[in-house]
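Since the structure comes first, as structure tokens, the remarks are kept for the end.
All of the numbers you see were taken from the coordinates with simple rules; none came from a lab. These numbers come from a predicted model, not from an experiment. A quick note on method: Cβ atoms are made from the backbone with ideal geometry, for glycine too, and the neighbour counts reach across all protein chains shown.
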């Protein structure tokens with residue numbers, strides 16, 4: 001007898017939920033109606049960019065600075081240490097301003113001497129011994 005009551009209650013709850021879902025679907029507008037409403041709102045300029053598929057604001061025009069001016073501004077900021085390095089948070093360090101004063105043979109000799117003394121870090125190790 002107890003199981004019949006539980007079964008009847010479950011059927012009643014399921015029936016009431018089904019009615020609510022059907023009523024909610026009947027009162028909502030169709031997809032075509034929503035798209036048409038959005039299109040007219042976009043044409044009238046009543047939506048913000050990104051809202052209801054509103055068009056993004058168009059650019060105001062071309063840049064007023066030349067490429068040379070932008071490159072110079074970036075180079076100046078890099079010299080001052082105001083730029084972040086690629087993939088790093090912080091200044092990119094001082095800009096390289098000149099070439100090395102040592103020759104290739106001098107560097108090779110210094111590296112060989114450091115290797116003999118055991119002053120070089122092993123391959124793949126960034127910490128000095």
If R0 is 30 Å, what FRET efficiency do you get for residue 74 and residue 102 from their C-beta distance, rounded to 0.05?
0.50
Work out how much length residue 83 to residue 30 would gain on full extension: take 0.36 nm times their residue separation and subtract the Cα-Cα distance, in nm to one decimal.
13.9 nm
